[in-house]
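Asks: The structure under discussion is supplied below as structure tokens; questions concerning it will follow.
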Amino acid sequence: MTRSSEDNMNNVAEEINKMEVDYGKNFKIIPPNDQIKELQTILRDKNTSRSDFKFYADRLIRLVIEESLNQLPYSDCSVITPTGAIYDGLKYRSGNCGVSIVRSGEAMEKGLRECCRSIRIGKILVESDADTHEAKVVYARFPEDISKRQVLLMYPIMSTGNTVVQAVNVLKEHGVSEQCIILSNLFCTPVATQMIINHFPEMKILTSELHVIAPNHFGQKYFGTD
């Protein structure tokens, strides 16, 4: 075994150990089941066609978005039914919005709009410097009153967490508090999870899977640029 191969195996072992860490109450993996595992398997399979990839990615995205919406605050309300009866139920508190991190985060916009037809969606573009490889925000567009809203930040793949850290910093600069941000994610690594929790301990993180290897081909495959 070469030295590089041995180092790589050691790094993977360290990552696996990190998966046993308790990341706290604000980190949540959607309840696992066989359906979700099958979707994750299809998306990781190199032989999956683009049309199938997009179809099954949209299914997994919908599941994550639905669970993310469960994390939003609700208020009690009463409505009158067609029979004249009063039904005591729930409704979203006013002021929710989505923010996608371009480009892969845009894949999650459709799922959000299918659940919340009129929800407003902002965008953040983060690029890495060619020389320093430092992540920098180069474009951001939000609703003017975003500081008063609950924000679903959409980004499907997190390998290091650098991009999300920069995006959240911009949201905070626009007056959004950590407690009002829910990060909606499909796949993340322990390294990325730990970085984000270290930077933003009050922000909620919801994902479908914590794994040492993230499917970084997601954006290219989904949009057909691979």
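Asks: Among 189, 163, 193, which is in contact with a Ser or Thr (Cβ under 6 Å, 6 or more places away or on another chain) and either among the acidic types (Asp, Glu) or surrounded by 15 or more Cβ atoms within 10 Å (Cβ to Cβ) (or both)? Reasoning before the result, please.
Replies: Numbers: 163 fails: in contact with a Ser or Thr (Cβ under 6 Å, 6 or more places away or on another chain); 193 fails: in contact with a Ser or Thr (Cβ under 6 Å, 6 or more places away or on another chain).
After ruling out the rest, the residue left standing is 189.
Asks: Hey, another quick one. What are the residues in the stretch 196-211 that are touching a helix residue (DSSP H, G or I) at 6+ places or on another chain (Cβ under 6 Å), surrounded by 17 or more Cβ atoms within 10 Å (Cβ to Cβ) and in contact (Cβ under 8 Å) with a residue 40 or more places away in the chain, if any?
Replies: 203, 206, 208, 209
Asks: Considering only residues that are within 17 Å of residue 148 (Cβ to Cβ) and surrounded by 20 or more Cβ atoms within 10 Å (Cβ to Cβ), look in the stretch 89-115 and name the one that is farthest from the chain's Cα centre (by Cα). Break it down into steps so the answer makes sense when it comes.
Replies: Step one: list which residues in the stretch 89-115 are within 17 Å of residue 148 (Cβ to Cβ), which gives 92-99.
Adding the requirement that they be surrounded by 20 or more Cβ atoms within 10 Å (Cβ to Cβ) leaves 97-99.
On the way: 97: 14, 98: 11, 99: 10 Å.
It comes out as 97.
Asks: Quick one: would you say residue 109 is more than 18 Å from residue 174 (Cβ to Cβ) and touching a residue at least 12 places away in the same chain (Cβ under 8 Å)? First the steps, then the outcome.
Replies: Numbers: more than 18 Å from residue 174 (Cβ to Cβ): yes; touching a residue at least 12 places away in the same chain (Cβ under 8 Å): yes.
In short, yes.
Asks: Out of the stretch 122-175, which residues are more than 20 Å from residue 216 (Cβ to Cβ), touching a strand residue (DSSP E or B) at 6+ places or on another chain (Cβ under 7 Å) and hydroxyl-bearing (Ser, Thr, Tyr)? Please lay out each step first, then the result.
Replies: Narrowing the stretch 122-175 to residues more than 20 Å from residue 216 (Cβ to Cβ): 122-123, 131-132, 137-152, 168-175.
After this cut, where a residue has to be touching a strand residue (DSSP E or B) at 6+ places or on another chain (Cβ under 7 Å) as well, the list is 122-123, 137-143, 146, 149-152, 168, 170-171.
Within the stretch 122-175, just 139 meets the criteria.
Asks: For the stretch 71-88, which residues satisfy the criterion of being within 28 Å of the chain's Cα centre (by Cα) and in a strand (DSSP E or B)? Break it down into steps so the answer makes sense when it comes.
Replies: Pass one, the stretch 71-88, residues within 28 Å of the chain's Cα centre (by Cα): 71-76.
Matches in the stretch 71-88: 74, 75, 76.
Asks: Let me ask something additional. For a quick check of your reading of the model, give me the residue pairs whose first member lies in the stretch 156-178 and is in contact (Cβ under 8 Å) with a residue 24 or more places away in the chain and within 20 Å of residue 109 (Cα to Cα), whose second is assigned to a helix (DSSP H, G or I) and of a type in the set (Phe, Trp, Tyr), with beta-carbon atoms closer than 7 Å and at least 6 apart or on different chains.
Replies: Going by the 7 Å Cβ cut-off, the qualifying pairs are 156/218; 157/218.
Each reported figure results from applying straightforward, stated rules to the coordinates on display, with no laboratory input. All of these numbers come straight from a predicted model, not from anything done at the bench. So basically every Cβ, Gly included, is an ideal-geometry build from the backbone, and we count neighbours across all protein chains shown.
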